[in-house]
1. Using Cβ counts within 10 Å as a stand-in for footprinting exposure, how do Val96, Val51, Val77 rank, fewest first?
2. Please work out how much length the chain gains when fully extended from Phe15 to Ala86, using 0.36 nm per residue of separation minus the C-alpha to C-alpha distance, in nm with one decimal.
3. Taking neighbour Cβ counts within 10 Å as the exposure measure, how do Val112, Val16, Val104 sort from fewest upward?
4. Give me Met69, Met1 ranked fewest to most by other Cβ atoms within 10 Å of their Cβ, as a rough exposure proxy.
5. Hey, can you grab everything whose amide H is under 5 Å from the amide H of Ile66? Only 5+ residues off in sequence or another chain; H modelled, so Pro and N-termini drop out.
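Since every read-out is calculated from the coordinates, none of them should be taken as a lab result. On a predicted model such as this, the values are computed, not experimentally measured, just so you know. Cβ placement follows ideal geometry from the backbone for every residue including glycine, while neighbour counts extend to all protein chains displayed.
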Amino acid sequence: MTPMIDIVFLLLVFFVVAAAGQVQESLLPTELTAAGGIESDQPIERDPWIVEVWLRLRTDEIGQTIIDMNGTEYATVDALAAPLNALAELTPDNPVILDNGPNVPMRDVIAVYDLSRAAGFESINFAAKAEDVRR
């Protein structure tokens, strides 16, 4: 009986120690599925006042990230904060679409995503090409 109790306590200690080392996700609370997007033949009916906010991220010649918000370019994430907050105050229902270039660092993508969430937008999506979704 004593060896069985020892084994139970060792297993208990093992699972407590193993579970304590997990890091919780705190900056990107969205669950991304492996399937990506959904295609539909039916047109989506939207309110005419809702406009998609496209945030296109690309890098310039020296490797700095440039953010294009519906035709207006911003050199830093901090410069994007004020116009994005003002737009979110007017219409938080507008969907934000992040279109990331191939060489954009992930820290900049996450920073823009977090900025959009902090501004109060309700829908933040990632753009993908149709051939990328089908793989």
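1. With the fewest neighbours first, Val96, Val51, Val77 line up as Val51, Val77, Val96.
2. Contour length minus the Cα-Cα distance gives 20.7 nm.
3. With the sparsest Cβ surroundings first, the list reads Val16, Val104, Val112.
4. Met1, Met69
5. For Ile66, the qualifying residues are Arg58, Thr59, Asp60.
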